[in-house]
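Heads up, the thing below is written out as structure tokens.
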Amino acid sequence: KIRAGDQIAGQEINSFLSLADERALAQAARIDAMAAKGDTLPVLAGVPVGIKDVLAMQGAPATAGSAILKGYHPPYDATSVAKLEAAGAVLLGKLNCDEFAMGSSNENSAYGPVRNPRALDRVPGGSSGGSAAAVAAEFCAASLGTDTGGSVRQPAAFCGVVGLMPTYGRISRYGLIAFASSLDRVGPFTHTVADAATVLGVLAGPDTMDATSAQAPVDDYVAESAKPVEGMRIGIPKEYFAEGLDAEIRAAVEKTIEDLKAQGCTVHPISLPHTQYAVPTYYVLATAEASSNLSRFDGVRFGHRTESPKNLSTMYRESREEGFGAEVKRRILLGTYSLSAGYYDAYYRKAQQVRTLIARDFLAAFEQVDAIVTPMTPTPPWKLGEKTDDPISMYLADIYTVAASLAGICGISVPCGQTQGGLPIGVQLLAGHFQESKLLRVARAVE
Ligand code: GLN
């Protein structure tokens, strides 16, 4: 059930930034020819897919949602993009996102906000808002997003689709425009958990072009995820059900836990004691890494350069001043500060140490349980514009996503109901490093 191309372009949801007509038509013709010859078709043959605009796709622009990359056409494919196409997928084009993947509402894009297809006055979540919205609106059957601190899982919850954050290193980051390299992951959006398992099977695996991609064996995720969950141990961390959690979301997640019990899972209260430090730790580390990664956008090598600068240093300064948006500048300043001599020990080093404590919380928990169940977001999607003047309240909305990011473990957001007003609710499932098979098995049991 996919809409035609003319319904995708120029639509009010604003999910696609560019369409890759030529490449899509050529691939579709290739698949048609294979089918006509009676060849065995690859697993994603003819499946229409969209790509978040932070991933390189040859022949298409890559803006990262930023004005500074306007006009940049990468001359190569990201590994994840190439793998999708090799598996038969038809790549429709590039999807809107927060600038350099910084945001939780997709309102930080230089190309306008994305609207939530389930409620047009609401945000789709971010930063992969375009990727979540395009699947929810049935413009494509799957899409790629990236999750640094929640950017696949949270928009999936807000748009009522499935969003998978694989273990750090599970999918190659080659060809991804870096935000915070120690946290960035590529992950798929799909309508169902089985589809997420299929796409993960295509994308997972080592890549000689990404030194952080892992050698860990790739499972048959579709078969593994279809196994029953009877006897699995499910952890419920008390820190995720504290003050500030919306009552309807709490009720929907509690109902999901009851469903798992009914299928033979045992439920165990657990504690992740350093949870309260996750948001500040994440925002120190992510901004520090971003300030370093974004230094390459200097008006020389890519994208925007200021017109007739007086000298070299004004060329750098003015190109960056004109090209970056407000949130990106705020983060470069924050990150530069925490990395500077005199503040490094108090902020950056301290945050690295707390990151280790947060990761150990999860390692200890996964000695007792197979998977963890939490709410995905503290509130349903908010109205466009509601939080744009208050960056701190936007950062605090990431309270349930960033700890798992810091720990490098895998997680998934699965729809688990809706509010009385019809807004989607997502439940978050977490599992240990490279435990995607277990994660997807629990996910299929709750969908
Ligand atoms: N909302 C978080 C941030 O703004 C996460 C973004 C992401 O995962 N790319 O940094």
Amide H contacts under 5 Å for SER172, placed H, 5+ residues apart: GLY205
Sequence of LEU92, LEU440 once ranked by neighbouring C-beta atoms within 10 Å, starting from the fewest: LEU92, LEU440
Region 228-278: GluC sites (Glu not before Pro) in DSSP loop, at most 14 other beta carbons within 10 Å: GLU230, GLU243
Helix runs (DSSP H) in the chain reaching 27 Å along axis by Cα, Kyte-Doolittle at least -0.5: 350-368
Cross-link pairs beyond the 30 Å C-alpha cut-off, checked among LYS329/LYS350; LYS94/LYS329; LYS261/LYS350; LYS387/LYS438; LYS227/LYS383: LYS261/LYS350; LYS387/LYS438; LYS227/LYS383
Residue-by-residue Karplus 3J(HN,Hα) for region 220-230, coefficients 6.51, -1.76, 1.60, Hz, glycine and proline x: 7, 5, 5, 5, 4, 6, 7, 6, x, 9, 3
Ascending count of other beta-carbon atoms within 10 Å, so fewest first, for ARG122, ARG360: ARG360, ARG122
Estimated inter-spin distance, GLU230 and ALA262, nm [label 7 Å along Cα→Cβ]: 1.7
Estimated vicinal HN-Hα couplings, Hz - region 58-73 in sequence order (Karplus 6.51, -1.76, 1.60; Gly, Pro = x): 4, x, 10, x, 10, 9, 6, x, 10, 6, 5, 9, 3, x, 7, 10
GLY187 long-range amide H proximity, modeled H, under 5 Å: GLY145, THR146, ASP147
Options SER151, ALA26, MET165, ranked by Cα towards positive dipole end of region 10-225, top entry (Cβ charges): SER151
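Taking region 19-119, which trypsin sites (Lys or Arg not before Pro) meet the DSSP loop condition and have no more than 16 other C-beta atoms within 10 Å?
Those that pass, being in a loop and sparsely packed, are LYS70.
Gain in length, ALA36 to HIS73, computed as 0.36 nm per residue apart minus the alpha-carbon separation, to one decimal in nm?
Details: separation 37, 0.36 × 37 = 13.32 nm, distance 3.39 nm.
Stretched out fully, the ALA36 to HIS73 stretch lengthens by 9.9 nm.
Considering the convex hull of the alpha carbon atoms of the chain, report its projected area averaged over all viewing directions, in nm², one decimal. Please report the intermediate quantities before stating the final value.
On the way: hull surface 85.4 nm².
It is 21.3 nm².
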Positive dipole terminus of the chain, leading residue within LEU333, THR314, ALA371 (C-beta point charges): THR314
Antiparallel content of DSSP bridges confined to the chain, in %, to 5: 65
Segment GLU367-ASP389, length gained on full extension (0.36 nm per residue, minus Cα span): 3.7 nm
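With the Cα gyration tensor of region 10-225 giving a ≥ b ≥ c as the square roots of its eigenvalues, does the rule (a/c under 1.5 for rounded; else a/b larger than b/c for prolate; else oblate) give rounded, prolate or oblate? Kindly include the intermediate steps, with their values, before the conclusion.
Values: a/c = 1.36, a/b = 1.22, b/c = 1.11.
Verdict is rounded for region 10-225.
Calculate the dipole size of region 294-339 relative to its Cα centre from +1 charges on Lys and Arg beta carbons and -1 charges on Asp and Glu beta carbons; express the result in debye to the nearest 20.
140
Give the order of ILE171, ILE332 when sorted by the count of other beta carbons within 10 angstrom, beginning with the fewest. Provide the component values of the computation, followed by the final result.
Values: ILE171 31, ILE332 22.
Lowest count first: ILE332, ILE171.
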Charge dipole magnitude, Cβ of K and R +1, D and E -1 - region 10-225, Cα centre, debye nearest 20: 180
ALA45 long-range amide H proximity, modeled H, under 5 Å: none
Given charges at Cβ of Lys, Arg, Asp, Glu: region 257-396 dipole, positive-most of GLN276, PRO381, ALA262: GLN276
Computed magnitude of the charge dipole of the chain (debye, nearest 20; Cβ of K, R +1, Cβ of D, E -1): 480
Gyration tensor (alpha-carbon) shape descriptor, region 321-380, a/c threshold 1.5: oblate
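The numbers here are math on the coordinates, done by the rules we state, and not lab data. Just so we're clear, the structure is a prediction, and the values are computed from it rather than from any experiment. Cβ: placed from backbone, ideal geometry, glycine included. Neighbour counts: every protein chain shown.
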